1. For THR236, indicate whether it is touching a helix residue (DSSP H, G or I) at 6+ places or on another chain (Cβ under 6 Å) and at pLDDT below 95.
2. Could you please tell me which pairs satisfy a Cβ distance under 7 Å, a separation of 6+ or placement on different chains, a first residue in the stretch 315-328 that is more than 17 Å from VAL286 (Cβ to Cβ) and outside any strand (DSSP E or B), and a second residue that is polar (S, T, N, Q) and modelled with pLDDT of 95 or more?
3. I need a count of the residues in the stretch 146-181 that are more than 15 Å from GLY133 (Cα to Cα), surrounded by fewer than 24 Cβ atoms within 10 Å (Cβ to Cβ) and not β-branched (Val, Ile, Thr).
4. Run down LEU132, LEU115, LEU88 and say which single residue is under 30 Å from THR36 (Cβ atoms), under 21 Å from the mean Cα position of the chain (by Cα) and surrounded by 23 or more Cβ atoms within 10 Å (Cβ to Cβ).
5. Please determine whether any residue of the stretch 196-219 is without any contact (Cβ under 8 Å) to a residue 40 or more places away in the chain and in contact with a helix residue (DSSP H, G or I) (Cβ under 7 Å, 6 or more places away or on another chain).
6. For ILE220, state whether it is over 16 Å from VAL285 (Cβ atoms), more than 17 Å from the chain's Cα centre (by Cα) and surrounded by 17 or more Cβ atoms within 10 Å (Cβ to Cβ).
7. Can you spot a residue in the stretch 155-164 that is at positive phi and modelled with pLDDT of 95 or more?
8. Please go through the stretch 92-136 and pick out each residue that is touching a helix residue (DSSP H, G or I) at 6+ places or on another chain (Cβ under 7 Å), assigned to a loop (DSSP other than H, G, I, E, B) and not small (Gly, Ala, Ser).
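The values are calculated or read from the model by the stated rules, or taken from the named source; none is laboratory data. All values derive from a computational prediction rather than experimental measurement. Cβ: placed from backbone, ideal geometry, glycine included. Neighbour counts: every protein chain shown.
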Amino acid sequence: MPIKRRSLLQGLITGTGLAIAGQTMGCQPSTAIEPTWVMPDETEPHRRTWMSFGAQRAIWGSDLLPAVQDTLAMIANAIADYEPVAMLVRPADRAIAARKCSRAIELITAPLDDLWMRDIGPVFVKNAQGQLGGIDFNFNGWGGKQTHRNDARVARRVLEHLGMDAIATDLVLEGGGIEVDGQGTAIITESCVLNANRNPGLDKATCEAQLKPLLGLRKIIWLPGIRGRDMTDGHTDFYARFAQPGIVIAAYDPDPDSFDHAVTRHHLDILRRATDADDRPLEVVVLESPQQIRPTFDNDDFAAGYVNFYCVNGAILVPEFGDAIADQRAQGILQDLFPQRDILQLNIDAIAAGGGGIHCTTQQEP
């Protein structure tokens, strides 16, 4: 079963262009930011999780929309058992969100285009004094593939709500394209960040020079990813995640007919030869994608993979797809890697039908 993600078919929803007022897709070197910021690993304690109740009929369709809203609320309610949740919601959808979501969830009114908070929200970082900051990575609809007039402003809206100024950068990318260990190492896909639809003319050296002070990095492990096969151009969070420094959980699609089969094999080869910022070889733990899924929401865009899990305070939220063998194997592997956390498997088929997963719908605030 291919690890499919947000389809290019959604590109039929026209974008608002590849530039936002006051922002461009150019990538001129930015002035170095002082002090150096560090992006904490997702397993570190969270103050809250941010989400977006932003699915709309124009993108998801009338038949799928109610199930998507139910699934968003289910994810939020599960997280709220472990940590606070702040949910952005359109004024017109507030009553629906309030009915579906736990009273523990804070609803915040905001204009929205879609639900993928991982990509549209700020990327939170800390400085040496423990001060929290948030980076606005200039969301442009995954390279202009989808409307983004409202979502391009979400990062700054969230930071304004928190009384924080945005950390500016010329780079255009999404949170789903970044995976860090919190100790100086990142995994990033070339197909997303080094892509002309986001950062034309940007090379690795220039990108690293800008990203390292923003995220507190000393080394970036580059995976090739794959361009043009999904909305995200191959986000990292469907391919490789840190369980802890030195241990990477990597996706593998065993289906030889899948476009992700060769990609994931190549990624495994790279990761098994890689070292982290402290020159330690990586231990690579493989999570195979399911070979069957429930038929209700099955389509060409369905995102069937376990690596897009989300770490919350005391738990790991991971999808299950109705493949008893693969679901159980994923649960067992994650329980071994995170023995002090509950492993919650959720049926997120409605959101997976749009090419995303649990991690895509969330953004942690350290």
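1. No: the conditions fail for THR236.
2. Partner pairs satisfying both residue conditions: GLU320/GLN345; GLU320/ASN347.
3. Counting residues in the stretch 146-181 that are more than 15 Å from GLY133 (Cα to Cα), surrounded by fewer than 24 Cβ atoms within 10 Å (Cβ to Cβ) and not β-branched (Val, Ile, Thr) gives 7.
4. Every option except LEU88 fails the conditions.
5. No, there is no match, as no residue in the stretch 196-219 is without any contact (Cβ under 8 Å) to a residue 40 or more places away in the chain and in contact with a helix residue (DSSP H, G or I) (Cβ under 7 Å, 6 or more places away or on another chain).
6. Answer is yes for this residue.
7. yes
8. CYS101, ILE105, LEU112, ASP113, ASP114, LEU115, TRP116, PRO122, ASP136 - these are the residues of the stretch 92-136 that are touching a helix residue (DSSP H, G or I) at 6+ places or on another chain (Cβ under 7 Å), assigned to a loop (DSSP other than H, G, I, E, B) and not small (Gly, Ala, Ser).
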